[in-house]
1. Just check region 16-189 against the gyration tensor rule for me: Cα atoms, a ≥ b ≥ c as the square roots of the eigenvalues, rounded for a/c under 1.5, and otherwise prolate or oblate depending on whether a/b exceeds b/c.
2. Taking amide H positions as placed 1.01 Å from N in the peptide plane, with prolines and chain starts having none, which residues 5 or more places from residue 167, or on another chain, fall under 5 Å of its amide H?
3. As a test of the formula, what do you get for the chain when each DSSP H run with n ≥ 4 contributes -39,500 (n - 2.57) and the sum is divided by the residue count, at 222 nm and rounded to the nearest 500 deg cm²/dmol?
4. Can you list the HN-Hα couplings for region 165-172, worked out from phi with the Karplus curve (6.51, -1.76, 1.60; θ = phi - 60°), rounded to whole Hz and with x for Gly and Pro?
5. On a 25 Å Cα-Cα criterion, which of the cross-link pairs 90/166; 51/157; 70/188; 96/173 come out too long?
6. Is the shape of region 23-92 rounded, prolate or oblate, going by the alpha carbon gyration tensor and its root eigenvalues a ≥ b ≥ c, with a/c under 1.5 for rounded and a/b larger than b/c for prolate?
7. Considering only the other residues whose Cβ falls under 11 Å of the Cβ of residue 129, what net charge follows from Lys and Arg at +1 and Asp and Glu at -1?
8. With a 10 Å Cβ neighbour count serving as the proxy for reagent exposure, in which order, fewest first, do 32, 155 appear?
Amino acid sequence: MREVSLEKKRLSENPLVGTTRTGLQITLRPISIMQVSQRYVDWMNEYEIVKFTESRFNTHTLDSILEWVKKTEHDDSEISFAIFDKQKEKHIGNIKLGSINWNHLYADLGLIIGDREYWSQGVGSCSIGLVANYAFRELKLHMVLAGIYQNNIGSIKAFEANDFMKMATIKEKYCFENNYIDVLEYYKVNQPEGI
């Protein structure tokens, strides 16, 4: 068992919060009202895009998305990034660390690729890697978790490509298209350098 320091890393104390993350094909920027558009609202209301998220139960409007973005800008338990195509400077999705527990140093990770043109292009996997690295190296979190619908094969592959391990299967947790399905709980632990 390793010793840990449970020193709280509140967002207001971390000078690196708000900086841009860059991968080969994407850039992540802190989400802001600049990304709120009708196109974004349309993603959030399109069943095929949100079917593996709890957002599918809501009808979204420009006002509701603006309200959510403003709320997240001041919430130290959530960090949300807009995903951009690096070449085109085009907003194509979002990724967030949510339910951040500063006492035990863990968070949940969730994402949505709203622009279908970017599905199966490695954008989800790259985004997960960038945000997990940010969580571990800069926020000093101990663990990042993800709950994935059993039939969301793309997400399973993206998390596994980033060395997330399956921790548990929660039987029949969510109702999906009139059937109860399992949720797969994945996790990744922050390993000290050299391990």
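1. Taking the square roots of the gyration eigenvalues as a ≥ b ≥ c, region 16-189 is rounded.
2. Answer set, sorted by chain and number: 185, 186, 187.
3. On the way: 5 runs with 44 residues, N = 195.
Taking each H run of at least 4 residues, the total per residue is -6500 deg cm²/dmol.
4. Those phi angles translate into 10, 6, 9, 7, 10, 9, 5, 6 Hz.
5. 90/166; 70/188
6. Numbers: a/c = 1.66, a/b = 1.20, b/c = 1.38.
Cα axes put region 23-92 in the oblate bin.
7. With Lys, Arg at +1 and Asp, Glu at -1, the neighbours total +1.
8. On the way: 32 14, 155 22.
The most exposed by this proxy come first: 32, 155.
The numbers here are math on the coordinates, done by the rules we state, and not lab data. Nothing here was measured: the structure is a model prediction, and the numbers come from that model. As a convention, Cβ positions derive from the backbone with ideal geometry for all residues, glycine included, and neighbour counts pool all protein chains shown.
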